[in-house]
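The values are calculated or read from the model by the stated rules, or taken from the named source; none is laboratory data. Treat the numbers as computed from the prediction; the structure is a model and nothing was measured. Quick reminder, even Gly has a Cβ in these numbers, built from the backbone with ideal geometry, and neighbours come from all protein chains shown. Calculation scope for accessible area: heavy atoms of the full protein, side chains included, ligands and nucleic acids excluded. Shrake-Rupley method; radii C 1.70, N 1.55, O 1.52, S 1.80 Å.
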Amino acid sequence: MNIGILCYPTFGGSGVVATELGKALSEKGHHIHFITYSQPVRLEHFSENVSYHEVSVADYPVFEYAPYETALTSKLVDVALFEKLDIIHVHYAIPHASVAYMAKQILAAQGYHVPFVTTLHGTDITLVGKNPGYTPVVTFAINMSDAVTAVSKNLMDETYHSFKIKKEIEVIPNFIDLRRFNKQRKEHFKRAIAPNNERLLVHASNFRPVKRVSDVVKIFNRVVEKVPAKLLLIGDGPDRTNIEMECRESKACDHIRFLGKQEAIEEILSVSDLFILPSETESFGLAALEAMACQVPVISSDTGGIPELNVHGVTGFMSHVGDVDDMAKNAIHILENDERLFKFKHQALEHAKKFDIRKILPMYESLYERVIRQSKS
Ligand code: GMT
């Protein structure tokens with residue numbers, strides 16, 4: 001199939017999922033066309049079946065806001081016609097679903113018919129989409145999609161609850177490529193970070209308020225009183241400066257390191273003992289799945305789609321949002337005993353295998369085939 005993918009090219013979960021999906025589809029012989037404003041971060045290497053089409057937005061003094069949607073739609077129309085796209089798959093509803101709808105209409109007027117699939121990722125529904133300034137467009141574009149998927153059952157329920165959706169939403173969970181995300185031997189790295197064999201706690205996110213990174217620090221401050229430990233904070237974003245200030249004032253400051261954005265996150269996860277995800281809301285929690293695949297159990301909140309991923313008492317523990325005492329108690333419980341930690345690590349990996357990309361990819365392929373078939377009938 002010739003597949004056009006619209007996504008955000010950044011480190012965010014939806015862009016990662018879209019890029020990894022495209023790469024995996026290309027390995028199976030499909031021709032993938034990424035259409036976005038810069039090269040997706042996970043699209044590191046040249047690949048025979050993958051093309052990247054950059055959207056550039058022509059600026060003009062009259063524009064207070066440059067019209068990205070118009071440029072993206074035009075590029076999509078151009079790519080669809082020239083590359084003979086069979087299907088368009090958009091990740092993150094805003095603005096990609098309405099862009100795909102518009103492109104579909106323009107193409108239809110020229111006699112070219114191409115269906116589009118919208119995958120909802122989370123904040124496009126739970127935070128941004130609910131904003132009344134966006135709701136009419138989001139609702140319309142979801143309903144006009146030829147198929148709609150959500151990355152968790154919770155997100156599907158949330159979408160039905162928050163919008164007037166007539167369309168069936170199918171759940172296709174996020175996935176992991178276990179060839180990349182697995183525990184690698186990185187002892188030298190572990191020795192450098194934790195010279196006295198301290199336990200290594202890790203958090204990775206975009207440091208937005210929804211991630212509650214401050215809770216990570218609070219949890220760590222409690223853990224380090226009982227268990228010798230270090231904390232690695234990966235990523236960057238609006239809350240980072242405040243969190244840095246908070247760390248500098250905490251007793252555990254010497255044991256906390258900010259690593260910024262990291263490409264080879266699997267190398268850090270390989271030496272980690274516990275992943276902390278105390279988010280306010282999380283439709284899936286891809287970062288936690290990446291950790292689990294590298295044998296890192298998860299301490300998380302029990303919000304959104306997280307319970308569909310983190311099995312309480314098996315792959316880690318969940319607590320109510322903001323209950324840092326309970327999260328710290330659970331973290332200490334896992335970390336203070338070698339055998340218990342080993343058991344949780346093993347169980348985290350076993351559960352992560354359920355999200356193996358080789359199991360999830362065929363779901364997308366059969367969805368595409370069905371949608372293309374239906375659009376022709
Ligand atoms: O978490 C973010 O802020 C980024 C966001 C995105 O769309 O890039 O992530 C969302 O999509 C990911 C991939 O499907 C999910 O794993 C995340 O749980 C989801 N984030 C939220 O729901 C907050």
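Looking only at the range 31-46, filter to residues that are open to solvent by less than 20 Å² (accessible area, probe 1.4 Å) and at pLDDT 95 or above; which one of those is farthest from the ligand (Cβ to nearest atom)?
Looking at the filtered set, the residue picked out is His33.
Filtered by the rule that a residue be farther than 13 Å from Ala93 by Cα and either near the ligand (Cβ under 10 Å from one of its atoms) or not assigned by TED's automatic domain parsing to the domain that holds Ala97 (or both), the range 137-154 gives Ser152, Asn154. Only residues that are surrounded by fewer than 20 Cβ atoms within 10 Å (Cβ to Cβ), part of a helix (DSSP H, G or I) and more than 17 Å from the chain's Cα centre (by Cα): list them for the range 194-220, please. Listed by number, the residues that qualify are Ser214, Lys218. Taking every residue in the range 350-363 that is outside the structural domain of Val314 (by TED's automatic domain parsing) and pairing it with any residue that is open to solvent by 80 Å² or more (accessible area, probe 1.4 Å) and not in a helix (DSSP H, G or I), at least 6 positions away or on another chain, the pairs with Cβ-Cβ distances below 8 Å are Leu361/Lys28.
Each residue in the range 64-92 was checked for being more than 10 Å from Ala103 (Cα to Cα), in a helix (DSSP H, G or I) and touching a Pro at 6+ places or on another chain (Cβ under 9 Å), and 2 pass. Among residues of the range 210-222 that are farther than 18 Å from Thr281 by Cα and in the same structural domain as Leu127 (by TED's automatic domain parsing), none has a Cβ under 6 angstrom from a residue that is assigned to a helix (DSSP H, G or I) and modelled with pLDDT of 95 or more at a sequence gap of 6+ or on a separate chain. Please determine whether any residue of the range 160-173 is open to solvent by 10 Å² or more (accessible area, probe 1.4 Å), over 30 Å from Ala348 (Cβ atoms), in a helix (DSSP H, G or I) and among the aromatic types (Phe, Trp, Tyr). There is at least one residue in the range 160-173 that is open to solvent by 10 Å² or more (accessible area, probe 1.4 Å), over 30 Å from Ala348 (Cβ atoms), in a helix (DSSP H, G or I) and among the aromatic types (Phe, Trp, Tyr).
Mind checking which residues of the range 4-15 are more than 7 Å from the ligand (Cβ to nearest atom) and open to solvent by less than 10 Å² (accessible area, probe 1.4 Å)? I'd like the intermediate steps shown before the answer.
From the range 4-15, those more than 7 Å from the ligand (Cβ to nearest atom) are 4-7, 9-11; that's our starting set.
Of everything in the range 4-15, those that are more than 7 Å from the ligand (Cβ to nearest atom) and open to solvent by less than 10 Å² (accessible area, probe 1.4 Å) turn out to be Gly4, Ile5, Leu6, Cys7, Pro9.
When Phe116 is tested against (1) farther than 24 Å from Ile306 by Cα; (2) in contact with a strand residue (DSSP E or B) (Cβ under 6 Å, 6 or more places away or on another chain); (3) open to solvent by 10 Å² or more (accessible area, probe 1.4 Å), just one condition goes unmet, and that condition is (3).
Candidates in the range 301-314 are the residues that are in a loop (DSSP other than H, G, I, E, B) and under 25 Å from Glu158 (Cα atoms); of these, the one that is farthest from the ligand (Cβ to nearest atom) is Val311. As a summary of the residue check, Val117 satisfies the conditions (1) modelled with pLDDT under 95; (2) within 16 Å of the ligand (Cβ to nearest atom) except for the one numbered (1). The single residue among Leu178, Leu201 that is modelled with pLDDT of 95 or more and under 28 Å from Arg240 (Cα atoms) turns out to be Leu201. Here the condition is being closer than 30 Å to Glu282 by Cα and either in the same structural domain as Ile35 (by TED's automatic domain parsing) or surrounded by fewer than 21 Cβ atoms within 10 Å (Cβ to Cβ) (or both); of Val99, Val62, it holds for Val99 alone. No other residue among Arg191, Arg179 is part of a helix (DSSP H, G or I), surrounded by fewer than 17 Cβ atoms within 10 Å (Cβ to Cβ) and out of contact with any strand residue (DSSP E or B) (no Cβ under 7 Å at 6 or more places or on another chain) apart from Arg191.
Within the option set Gly129, Gly133, being assigned to a loop (DSSP other than H, G, I, E, B), within 12 Å of the ligand (Cβ to nearest atom) and in the same structural domain as Phe34 (by TED's automatic domain parsing) holds for one residue only, Gly129.
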